[in-house]
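Working notes, beginning with the structure itself.
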Amino acid sequence: MFNLAEIKDTIKIEPSGFRKPKAQAITDEINRKYANKVLQDIGLCIAMHDILYASEGFIHHGDGCSYVTVVFRLVIFRPFVGEVLTGKIRSCNQEGVRVTLGFFDDILIPHGYLQENSEFNADEQVWVWMYDENEMFMDLDEDIRFRVESEQFFDTSPSVRPKKEGVDTPDLSANSAKQAPYSLTCSINGDGLGLLSWWGA
Amino acid sequence: MEILKANAAMLSNFEVLTLLKDQKALRQANEVAGAREVAENLRTVEFEVQKYLNDTPCSSQTSEQILSLKRALSKYELMKVELLQILNLRPKSAVELLLVVEEFEERLSLEDCDEIVRIISETLPREDDDVEMEENGDVEGDE
């Protein structure tokens, strides 16, 4: 579920950071820049793991900052396709079940990927697995085990966002695409998958 | 920014949790020497990941336990990713184990499965298992 990515970047250290030891200043800058951000086709960055190489600091004309070329490794959250994870149910709707890991929320189990014979209970707003004669409710906040089926990256940087046609309303929030930069599509249609309580855990 | 290797290595949950704890300890040690501000985004993700990982089996693991598990399971020729998931999920029953093993029908017999589950619960002991064990009547003395 976690892996390491090796990245080379030029890190800017402001003069206020000069009082720190160099390694500390670089670490702080890298974490400020990358922690909790999604990199396209890489995954969600958690924190810096280690520094492999750092050049000397360069100071450019007209600016007091020190620029250092750094090769470092980041801890990335990116489960591989087919991996089994556990999380908690965040919400249910007609579309399917949304799951959260606490630090990552964009996980959807579409209704087609639920256990066979699952039905949406409109009164309680939860999905129910009809297993033989039993109704197995998928209540919110229950622990759930699921398998990653596919991953989607969506570039949310402003320059390349396609303008949607005919939605030019004054309401700015309606214009902005609310798509997550990195999301997972998962399934629970198999033995051992689904709520942990179903399998006697 | 240049990506040199998108996937240089895989980390187990245990390694990530250890890293986050170490980083925090290091930072707190430095804070005494001179106050250092922590970036908001780092604090958020650190807190949430630790909260998640503390609820998973990796919270009670040690590197010795992981080594002995690896040694005990070496004869089953499990793939690296399978071993990694066994470590992260710590299957307690055969049905949980078979989820993470590909084409298990050809590779493992039913006895193998039971044996692996037994090895896992022995090499990676957890306090919350004791309740079930006592019910079964086989309480292990030490560890």
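Could you check the stretch B:1-114 for helices (runs of 4 or more DSSP H) lying wholly inside it with 2 or more residues that are facing chain A (nearest Cβ under 9 Å) and under 28 Å from B:Arg126 (Cβ atoms)?
By residue number, B:13-33, B:40-54, B:80-89, B:94-100.
I'm trying to understand the selection: among the residues of the stretch A:13-25, which are in contact with a helix residue (DSSP H, G or I) (Cβ under 9 Å, 6 or more places away or on another chain) and within 18 Å of B:Leu19 (Cβ to Cβ)?
The answer is A:Gln24, and nothing else.
Give the residue, chosen from A:Lys88, A:Lys20, A:Lys37, A:Lys33, that is among the basic types (Lys, Arg) and closer than 30 Å to B:Ile86 by Cβ.
Criteria check complete, one pass: A:Lys88.
Can you spot a residue in the stretch A:4-14 that is under 21 Å from B:Tyr52 (Cα atoms), outside any loop (DSSP other than H, G, I, E, B) and within 22 Å of the chain's Cα centre (by Cα)?
Within the stretch A:4-14, one or more residues are under 21 Å from B:Tyr52 (Cα atoms), outside any loop (DSSP other than H, G, I, E, B) and within 22 Å of the chain's Cα centre (by Cα).
Does A:Lys88 count as more than 10 Å from chain B (Cβ to nearest Cβ) and surrounded by 15 or more Cβ atoms within 10 Å (Cβ to Cβ)?
no
Can you tell me which residues in the stretch A:15-50 are more than 9 Å from chain B (Cβ to nearest Cβ) and among the small types (Gly, Ala, Ser)?
A:Ser16, A:Gly17, A:Ala23, A:Ala25
Output yes when any residue across the stretch B:55-76 is modelled with pLDDT under 85 and closer than 30 Å to A:Trp198 by Cα, and no when none is.
Yes: one or more hits.
Out of everything in the stretch A:115-128 that is of a type in the set (Asp, Glu) and without any contact (Cβ under 8 Å) to a residue 60 or more places away in the chain, what residue ends up being nearest to A:Leu195 (Cα to Cα)?
A:Glu119
Can you name the condition, by its number, that B:Glu48 falls short on among (1) free of Cβ contacts under 8 Å to residues at least 12 places away in the same chain; (2) closer than 24 Å to A:Lys8 by Cβ?
Going through (1) free of Cβ contacts under 8 Å to residues at least 12 places away in the same chain; (2) closer than 24 Å to A:Lys8 by Cβ one by one, B:Glu48 breaks only (2).
Give the residue, chosen from A:Phe58, A:Phe2, that is among the aromatic types (Phe, Trp, Tyr) and within 30 Å of A:Ile188 (Cα to Cα).
After applying the criteria, what remains is A:Phe2.
The values are calculated or read from the model by the stated rules, or taken from the named source; none is laboratory data. Because the structure is predicted, anything quoted here is derived from the model rather than measured. Note that each Cβ is placed from the backbone with ideal geometry, even for glycine, and that neighbours are counted across all protein chains shown.
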